[in-house]
Amino acid sequence: KELEVWVSQNSTINVLSNLYSVPPRLMRHKVRVRIFEDHLVVFYGGVAIQEMARLSGRSHHAIDYRHVIWSLVQKPGAFARYRYREALFPSLTFRRAYAALHCAQPGTAADAAYLRLLHLAASTQESEVQAALELLLEQGQLPAPERVQELVHPARPALAQMPAPEVDLAPYDALLGEGA
């Protein structure tokens with residue numbers, strides 16, 4: 001089966017009464033969805049953009065934090081009441097990091113810090129961020145976004161400056177003179 005659906009301003013599509021997140025660049029565009037027995041394929045402009053498992057039943061959701069983090073990081077106060085908040089914990093390590101942040105600085109400050117961690121995971125490698133979180137939590141340190149970023153992206157050494165090479169064009173001019 002194939003459907004055409006609009007992508008909402010929340011970067012989601014409604015397919016057969018189930019909600020799926022899609023990349024935010026598709027917001028407010030119409031996409032074509034091919035529905036198979038066990039998966040869906042989302043097309044935009046004739047190109048397959050995303051393939052995902054099909055949800056069975058109705059009123060279920062499949063939210064990928066990578067699709068919604070860009071808007072949530074701008075409004076950290078919305079995290080506490082976000083309807084699909086449970087989908088924003090990709091692993092137990094992220095949940096433990098959020099709990100540690102919440103103990104250290106309850107409220108919106110912890111939410112903002114956690115969303116920055118998710119943003120880092122979405123814009124780099126989730127596995128590297130998770131490894132950094134595990135290391136900090138094992139050491140009993142607060143998994144602050146700045147500290148995690150230092151572990152994920154260590155400071156790069158300065159590049160050696162090389163002088164510009166001196167070019168002698170006399171041999172080339174001599175060759176041109178011989179050919180004339």
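Remarks
- Extension gain, residue 43 back to residue 159 (0.36 nm per residue minus Cα-Cα distance, nm): 37.4 nm
- The length gained by stretching the chain between residue 142 and residue 32 to full extension, at 0.36 nm per residue less their Cα-Cα distance, is 35.2 nm.
- Computed from Cα atoms, the angle from the helix 92-104 axis to the main principal axis of the chain rounds to 80 degrees.
- Prolate is the label for region 54-180, because the ratio a/c of its alpha-carbon gyration tensor axes (a ≥ b ≥ c) is 1.5 or higher and a/b is greater than b/c.
- The portion of the accessible surface of region 1-141 made up by carbon and sulfur, rounded to a whole percent, is 49 (1.4 Å probe; DNA, RNA and ligands excluded).
- Dividing the mean sequence gap of close Cα pairs (under 8 Å, 6+ apart) by how many residues the chain holds gives a relative contact order of 14 percent.
- Between residue 52 and residue 127, the modelled labels are 2.3 nm apart [label points 7 Å from Cα along Cα→Cβ].
- Shape call, region 108-180: gyration tensor on alpha carbons, a/c limit 1.5: prolate
- The Cβ shell under 12 Å around residue 53 holds other residues with a net charge of -3, Lys and Arg each +1, Asp and Glu each -1.
- Of all segments of the chain bounded by GluC sites (Glu not before Pro) found in a DSSP loop with no more than 14 other C-beta atoms within 10 Å, the longest spans 38-165.
- With respect to the chain, whose longest principal axis is taken over its alpha-carbon atoms, helix 170-179 is tilted by about 70°.
- Entry note, the chain: the mean residue ellipticity at 222 nm calculated from DSSP H runs of n ≥ 4, each adding -39500 (n - 2.57), is -11500 deg cm²/dmol after division by the residues and rounding to the nearest 500.
- Length added when fully stretched, residue 178-residue 109, from 0.36 nm per residue minus Cα-Cα: 17.2 nm
- Modelled FRET efficiency - R0 35 Å, residue 149 with residue 61, Cβ distances, 0.05 increments: 0.70
- Given R0 = 25 Å, the distance between the Cβ atoms of residue 96 and residue 70 translates into a calculated FRET efficiency of 0.55.
- Environment charge at residue 132 (Cβ cut-off 15 Å; Lys +1, Arg +1, Asp -1, Glu -1): -3
- Shape class of region 1-115 from the Cα gyration tensor (axes a ≥ b ≥ c, square roots of the eigenvalues): prolate, since a/c reaches 1.5 or more and a/b is larger than b/c.
- Protein heavy-atom accessible surface, 1.4 Å probe, per residue over the chain: 63 Å².
The values are calculated or read from the model by the stated rules, or taken from the named source; none is laboratory data. Note that the structure is predicted; figures quoted are calculated from it, not measured. Here Cβ is always computed from backbone atoms with ideal geometry, including for glycine, and neighbour counts include all displayed protein chains. Just the protein is used for accessible areas: all its heavy atoms, side chains included, with ligands, DNA and RNA removed. Shrake-Rupley method; radii C 1.70, N 1.55, O 1.52, S 1.80 Å.
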